[in-house]
Amino acid sequence: MNLYERFARFKTRRILKRYALPDALWQEAINSLPFLSCWTPAMLARLREQTVLFLCDKTIGGAQGFCVTPLIRTLVAAQAAVPILVRGLGWYAGFKTVILYSSDFISPAEWEDEWGIVHQDNEPILGEAMPAGPVILSWQSIHNATHAGKALMPEDDLPPTNVVIHEFAHKIDMLNGDADGNPPLPPGLTPQIWRDTLMEAYHDFCAHGTKAPYRAIDPYAGESPAEFFAVLSELFFVAPDNMQSIYPKLFDLYKTFYGFSVLGGRDQ
Ligand SMILES: [Zn+2]
């Protein structure tokens, strides 16, 4: 270990000690999230550390007067920390802010058409990852995926989703440019293996997505390769059994990409 690595490790240890999350708050947060119930104590301990590091690096603020409580902050950070559990905060470089609306919101983003006319969409959305900007999320959508939210919708048989993981997967994808389903790859993956495996599954989903067993996947995955990557990232963490049985090759690819899986432990 060189001097820089030793200093970085010392700094991390100091942050973890100084900004440690209270036990009761952490327990309440992880007990609220159904998909964490099968995580091992070692994985949860690592998630707690990544959550603290995330909270020290990012600001989570409320929009239009929405009050962000310590539990809400912790719930958002704990889910955002899942995709970077092994890879670390470097995957969330280039932005500092997470903004929460109380419910689905109109995107502040504007876009220009081919004639140079600027538009703003007026359909409410659950979340948005702005290029080189903040991640914006609807608290209502986050709450719907907690135990408390699910209790309000006992008949809900929609595919499992997670808006926090979805938007942060887009952020990872944007590390090397536009969100296009081609994120920067860790050692062990080549662009060709990544593209071939992802696109094979994407085309298969576009052809068969309305039939069983594909109905376990949010149909929004068929919008584009970028959305397919983000939606399948949700499934990889929230319902790994489903993903492994529907797309085993893609599941193994994601396991190498994210560096671990709940079903098979750490990959590298
Ligand atoms: Zn998306």
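The values are calculated or read from the model by the stated rules, or taken from the named source; none is laboratory data. All values reported here derive from a predicted model rather than from experimental measurement. With ideal geometry, Cβ positions are generated from the backbone for all residues, glycine too; neighbour counts draw on all protein chains shown. The area values use the complete protein model at the heavy-atom level, side chains included, leaving out ligands, DNA and RNA. Shrake-Rupley method; radii C 1.70, N 1.55, O 1.52, S 1.80 Å.
For the range 192-199, backbone phi angles converted through the Karplus equation (6.51, -1.76, 1.60; θ = phi - 60°) give residue-by-residue couplings of 5, 4, 4, 5, 4, 5, 5, 6 Hz, Gly and Pro being listed as x. Ordering 187-195, 79-87, 164-172 by mean Cβ neighbour count within 10 Å, with the highest value first, yields 164-172, 79-87, 187-195.
Counting only other residues whose beta carbon sits under 10 Å from that of residue 89, what net charge do I get with K and R as +1, D and E as -1? Once positives and negatives cancel, what remains is +1.
Checking the cross-link pairs 17/255; 171/255; 150/249 against a 26 Å limit on the alpha carbon distance flags 17/255; 150/249 as lying beyond it. Shape of the range 1-158 from its Cα gyration tensor (a ≥ b ≥ c, root eigenvalues): rounded if a/c is under 1.5, otherwise prolate when a/b > b/c, or oblate? Judged from the Cα gyration tensor, the range 1-158 comes out oblate (a/c at least 1.5, b/c at or above a/b).
Note on the chain: GNM, Cα springs under 10 Å; of 157, 113, 178, the largest mean-square fluctuation is that of 113. The alpha carbons of the chain give a radius of gyration and a Dmax of 18.5, 56 Å, in that order.
When all protein chains stay in place and ligands, DNA and RNA are ignored, the 1.4 Å accessible-area order of 245, 233, largest first, is 245, 233. P(r) for the range 102-226, please, calculated from all Cα pair distances in 5 Å bins and given in %. P(r) over the range 102-226, rounded to whole percents: 2, 9, 14, 18, 19, 17, 13, 6, 2, 0. Solvent-accessible surface of the chain, taken per residue with a 1.4 Å probe and all protein chains present: 51 Å². The relative contact order of the range 132-268 comes to 23 percent, based on Cα pairs under 8 Å that sit 6 or more residues apart. Less than 5 angstrom separates the built amide H of residue 261 from those of 266, 267, all sequence-distant by 5 or more or on a different chain. Within the accessible area of the chain, the carbon and sulfur atoms contribute 54%, probe 1.4 Å, all protein chains present.
Along its three principal directions, the equivalent ellipsoid of the range 180-268 from the Cα gyration tensor extends over semi-axes of 20, 16, 10 Å, largest first.
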